[in-house]
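First the structure, in the form of structure tokens, and then the observations on it.
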Amino acid sequence: MANHKSAIKRIRQSETRRLLNKYQHKTTRNAVSALRALTNKKEAAALFPKVAGMLDKLTKRNIIHKNKASNLKSKLAKHVNALA
């Protein structure tokens, strides 16, 4: 267990940030799967910029790697464009 005041605070901060990162990552994953499940092109085209923005935010905060975000956005864009 931590013995210093600063170490105790760091543990609190780390836990808070971990939970926030976990929440944001899970929310984004749910949005990605919701976009993949759509079959209407109009709805998918409306949702795509929001999901892409969520992925960019995760990248900016170092929650996911930038290449992973790029790969996901590319696959989602292909999916949206392939819809009839």
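Read-outs throughout are calculated quantities, based only on the coordinates presented, and are distinct from any laboratory measurement. Predicted model only: the values in this text are computed from it and were never measured.
Could you sort out which of K5/K26; K9/K57; K41/K75; K26/K60; K42/K66 sit more than 22 Å apart by Cα distance in this structure? Distance filter (> 22 Å) returns K5/K26; K9/K57; K42/K66. Among L20, L55, L47, which one shows the biggest mean-square fluctuation in a GNM of the chain, springs joining Cα atoms closer than 10 Å? The residue with the greatest mean-square fluctuation here is L20. Here the contact order of the chain, divided by its residue count and restricted to Cα pairs under 8 Å and six or more residues apart, works out to 32 percent. By its C-alpha gyration tensor, with a ≥ b ≥ c as the square roots of the eigenvalues, how is the chain shaped: rounded for a/c under 1.5, else prolate for a/b larger than b/c, else oblate? Since a/c reaches 1.5 and a/b is larger than b/c, the shape of the chain is classed as prolate.
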